[in-house]
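Q: Let me begin by handing over the structure; questions about it come next.
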Amino acid sequence: MIAARSRGHAAAVLVVCVSAAGAAAQGRFTNAKAETRSAATGLEREIRTLAARGGATWIGYRAPMVAGQRQMCCYDTIADSAFSSGICRLENGSGVSMNTGDLRDRNGTRIALEPATEFLVLARLEAGAVVRLRTFTPDCDVDAGGMPVVWLTDVKPDDSVAWLTTLVEASPDAGERRDRVGKTAMTAIALHSTPSADRALESFVAPARAEWLRSDTAFWLGSTRGENGARLLTRMLAQDPSDKVREKVAFGLSVSAAPSALATLVSTARDDRSARVRGQALFWLAQKAGKEALAAITGAIENDPETEVKKKAVFALSQMPKDEGVPKLIEVARTNRNPQVRKQAMFWLGQSNDPRALKFFEDILLKK
C-alpha cells in the first residue's frame, strides 16, 4: 500500500515537472497544466481543433517582436523590484503594462541586458470562442491558476497576424469583448516584426473602419512601426473624416521615432484645417521640446487665426522645459496684441513658480 502511494506520488511529481518544463520553454509560467502541440499545418486550423474540445483552456505561442526595449507584464502582486518581480494572474489578473527604455529595478540594477526579440500571445478559449487575449514578454512571471495551457510551436508570423486580424474584424464597437479581445489583438499585430503586420494595420485605418479602431491603431503606428507607421499617420491626417481620430493621429506622431514624424507634427500644428487638431498637435509638440517645437508653438501664438488655438499654444509653452518656455511666456505676456492671450500667458507664468516669472510680476505691479 505504501509502495503504491509512493509510485502515485512520484507520477504526480513527474507530471508537474513536465508541465513546468513545457511552460518554461515558452515563458516563466507556474501552476499550469501544460501541453505542447505543433501548429505547422496552420495556426487557425489548430485553434479550431482545440476549440472543438469544449471547456475552458488557454492557448499560447511565441511571435517575433519589433525592435526596442520592452517589457510587458502586469503587477497583480508586487515584490521588491520595480518591474520584474511582480506576478501576473493569467485568469483574473489586471491588464498588462508595457515598460520601455532601459529597465532597472529600484536599486538601479539593469533587469535585462538584451531586449526581448519575441513576445507571448495567450488566448482564452471558452465554449469554442476566444473570450480574452493577453500578451507578455517571456521574462514576465505568470501564474496560470491551475488552468490548461496548450503551447503551440511552429507558428508562422504571418499566420499569427492573419488569425489576430480575424479577431479584430469580428470585434464589436463597444463592450467587454472589444476591450478584452479586439483591442489586444490589434496591439499584438502592431508588435509583430513582419511586413504583414503593416498591411493589416493599414487596413484598420481605412476611413470605413470603426472610429475606435482607427484611433487606437494610430497610437501603435507611431510607437511601433517606424517610417511605415509615420507614412500612414500622415495619410490619416489628410484623409480621415473625424477630427477626434486625427487628434489621436497627432499623439501617434508625437511618440514616433521616425525622423519624418516631427516634421509632420509641426506642419499639422501650423496648417491643419481643424483648430482642435492644431491645438492637440501643439500640446504634443511641447512634450518633445526642441527648436522645431518652440518655433511652431510661437508661430501659432502669432499667426493662428483662432484665439482658442493661440491659448492652447500658450499652454504648450508652459509644458516645455522652463528655460525654453518661461522666457517666451514672459515675451507673450508683455507684447502680444490679444488680451486673452496675454492673460493666458500670465496665468501659466503664475503656475510656474519660476523666479523670472516672479520678477516679471514685480516689474508690472511696481511700475508707475
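Q: For a quick protection proxy, order the peptides 355-364, 339-348 by their average other-Cβ count within 10 Å, most packed first. Each step should come with its number before you reach the end.
A: Working: 355-364: 13.4, 339-348: 17.9.
Top to bottom by mean Cβ count within 10 Å: 339-348, 355-364.
Q: Mind giving me the nanometre distance, one decimal, between the label points for GLU114 and GLN340, set 7 Å out from Cα along Cα→Cβ?
A: 5.8 nm
Q: Moving to a separate point now. Can you tell me which of 213-224, 133-144, 171-182 comes out highest on packing, and rank the rest after it, using the mean Cβ neighbours within 10 Å?
A: 213-224, 133-144, 171-182
Q: Quick one: net charge of THR117's neighbours, Cβ under 14 Å, K/R +1, D/E -1?
A: Neighbourhood net charge equals -1.
Q: Leaving out ligands and nucleic acids, note down the accessible area per residue over the chain with a 1.4 angstrom probe, in whole Å².
A: Numbers: 17760 Å² over 368 residues.
With the other protein chains kept in place, the chain gives 48 Å² per residue.
Q: Charges only on Cβ, +1 for Lys and Arg, -1 for Asp and Glu: so what's the dipole of the stretch 181-330 about the Cα centre, in debye to the nearest 20?
A: 160 debye
Q: Which order do the peptides 156-162, 286-292 come out in when sorted by mean C-beta neighbours inside 10 angstrom, highest first?
A: Averaged packing, sorted descending, gives the order 156-162, 286-292.
Q: Let's test the formula: R0 of 51 Å, r as the Cβ-Cβ distance of GLU227 and GLU126. What FRET efficiency results, to the nearest 0.05?
A: Calculated value: 0.80.
Q: If r is the Cβ-Cβ distance from GLN239 to ASP139 and R0 is 56 Å, what FRET efficiency results, to the nearest 0.05?
A: Values: r = 40 Å, r/R0 = 0.71.
After rounding, the FRET efficiency stands at 0.90.
Q: Limiting things to C-alpha atoms, what are the Rg and the maximum Cα-Cα separation (Dmax) for the chain, in angstroms?
A: Cα radius of gyration and Dmax of the chain are 25.9, 104 Å respectively.
Q: Averaging the inverse of every distinct alpha carbon separation and then flipping it gives the Kirkwood radius. What is it for the stretch 134-176, in angstrom units?
A: Computed over the stretch 134-176, the radius equals 13.4 Å.
Q: Still on this structure: In nanometres, what is the gap between the two model label sites at ASP363 and GLU91, each 7 Å from Cα along Cα-to-Cβ?
A: 6.8 nm
Q: Want the number for ASP179 to THR166: 0.36 nm per residue separation, take away the alpha-carbon distance, what's left?
A: Roughly 3.2 nm would be gained on extension.
Q: Ignoring ligands, DNA and RNA, what percent of the accessible area of the chain is carbon or sulfur (1.4 Å)?
A: So the carbon and sulfur contribution to the accessible surface is 54 percent.
Q: Provide Rg and Dmax in Å for the stretch 261-364, with only Cα atoms included in the calculation.
A: For the stretch 261-364, the Cα radius of gyration and maximum Cα-Cα distance read 12.8, 41 Å.
Q: Which of GLN351, GLN280, GLN69 moves most in a GNM of the chain, Cα contacts under 10 Å?
A: Among GLN351, GLN280, GLN69, the largest GNM mean-square fluctuation belongs to GLN351.
Q: For the cross-link pairs LYS183/LYS244; LYS244/LYS322; LYS156/LYS244; LYS183/LYS291; LYS244/LYS291; LYS248/LYS343, which exceed 26 Å when the distance is taken from alpha carbon to alpha carbon?
A: The pairs that break the limit, which is 26 Å between Cα atoms, are LYS244/LYS322; LYS156/LYS244; LYS183/LYS291; LYS244/LYS291; LYS248/LYS343.
Q: On to the next question. Spin-label point model (7 Å from Cα, Cβ direction): what's the PHE347 to ARG199 distance in nm?
A: 5.1 nm
Q: Antiparallel as a % of all DSSP beta bridges within the chain, to the nearest 5?
A: Taking every DSSP beta bridge within the chain, about 60 percent pair in antiparallel fashion.
The values are calculated or read from the model by the stated rules, or taken from the named source; none is laboratory data. Keep in mind that this is a model prediction, so the values were computed, not measured. So basically every Cβ, Gly included, is an ideal-geometry build from the backbone, and we count neighbours across all protein chains shown. Note: accessible area is taken over every heavy atom of the protein model, side chains too, but ligands, DNA and RNA are not part of it. Shrake-Rupley method; radii C 1.70, N 1.55, O 1.52, S 1.80 Å.
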